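Chemist: Handing you a structure now.
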Amino acid sequence: MLPLAWLLGVVPWLWIEAVLAAGLVSASALEAGRLTGRVEWWVFDELTREYEQDNPAGYFLYALGFAATGLVFDPQVAAPAMLMLTFGDPFSGLLHSGGLSRKPVPVMAATFALCLVLAVTAGVPLLAAACGALGATLADGLKPVVAGYVVDDNLTMPTVAAAAMWVGIHLT
């Protein structure tokens, strides 16, 4: 809800950046403790997926994706890209819970539509919004594997969407 607070004019972007940085530092410390075995909380066992047991967990990749997006990109593209992860990822998950497989085209189309609406509502020009929505949809719907590790959409959705919107804005 951080990007929404900025979009509604409730808080300045500098505050958002401070919260993102603090959240990333906290998540990094927790994840380092979890992966080294120095922190063994039942919540890690309950909430991490099997493939995350020895790899960075989704919550950490969410914090990293949010922070990277919010700290690297202008708020005009960062905020809608972060909203695409916040709302688009669970939306597509509700439509298709097929695990790590590629999502069906109708699910990806619905995800694209939601992400497009989020970006346009946030004030992103239509071409840039479509670029961002396409980036978020592909990041959510296609799960690349790098060196045997599934690249989680919690990291790629906001970063790819923000980069695509930035390109779309600079093309117009």
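Chemist: With labels modelled as points extended 7 Å from the Cα through the Cβ direction, what inter-label distance (nm, one decimal) is found for VAL167 paired with ALA29?
Modeler: Label-label distance for VAL167 and ALA29, simple model: 3.8 nm.
Chemist: What nm distance separates the two modelled labels at LEU127 and PHE87, each placed 7 Å from Cα along Cα→Cβ?
Modeler: Going by the 7 Å Cα→Cβ label model, 2.5 nm.
Chemist: Using only Cα atoms, tell me the angle between helix 153-171 and the longest principal axis of the chain; keep it within 0 to 90° and round to the nearest 10.
Modeler: Helix 153-171 sits at roughly 20 degrees to that axis.
Chemist: Of PHE87, PHE66, PHE112, which is the most mobile in a GNM of the chain whose springs link Cα atoms less than 10 angstrom apart?
Modeler: Most flexible of the set in this elastic network: PHE87.
Chemist: Is the range 27-172 best put as rounded, prolate or oblate by its Cα gyration tensor, with a ≥ b ≥ c the root eigenvalues, rounded for a/c under 1.5, and otherwise prolate when a/b is larger than b/c, oblate when not?
Modeler: Values: a/c = 2.37, a/b = 1.61, b/c = 1.47.
It comes out prolate by the Cα gyration axes.
Chemist: Here's a follow-up. Given Cα pairs under 8 Å that are at least 6 residues apart, what percent is the relative contact order of the chain?
Modeler: Relative contact order of the chain: 24 percent.
Chemist: Taking the number of other C-beta atoms within 10 Å as the exposure measure, put LEU47, LEU64, LEU85 in order starting with the fewest.
Modeler: Ranking LEU47, LEU64, LEU85 by Cβ neighbours within 10 Å, fewest first, gives LEU47, LEU64, LEU85.
Chemist: If you rank ILE16, ILE169 by fewest surrounding Cβ atoms within 10 Å, what's the result?
Modeler: With the fewest neighbours first, ILE16, ILE169 line up as ILE169, ILE16.
Chemist: Now for a separate question. At 222 nm, what helix-only mean residue ellipticity would the chain give, in deg cm²/dmol to the nearest 500, using -39500 (n - 2.57) for each DSSP H run of four or more?
Modeler: Values: 9 runs with 119 residues, N = 172.
Helix-only estimate at 222 nm: -22000 deg cm²/dmol.
Chemist: Given labels modelled 7 Å from the Cα in the Cβ direction, how far is it in nm from VAL39 to VAL11?
Modeler: Result: 2.0 nm between the two label points.
Chemist: With the cut-off at 1.5 for a/c, could you classify the range 1-91 from its C-alpha gyration tensor as rounded, prolate or oblate?
Modeler: It comes out prolate by the Cα gyration axes.
Chemist: Could you list SER28, SER97 in order of exposure, starting from the residue whose Cβ has the fewest other Cβ atoms within 10 Å?
Modeler: Taking fewest neighbouring Cβ atoms as first place, the list is SER97, SER28.
Taken together, the values in this text are just the output of simple stated rules run on the coordinates, not laboratory data. Just so you know, these numbers come straight off a predicted model, no measurement behind them. A quick note on method: Cβ atoms are made from the backbone with ideal geometry, for glycine too, and the neighbour counts reach across all protein chains shown.
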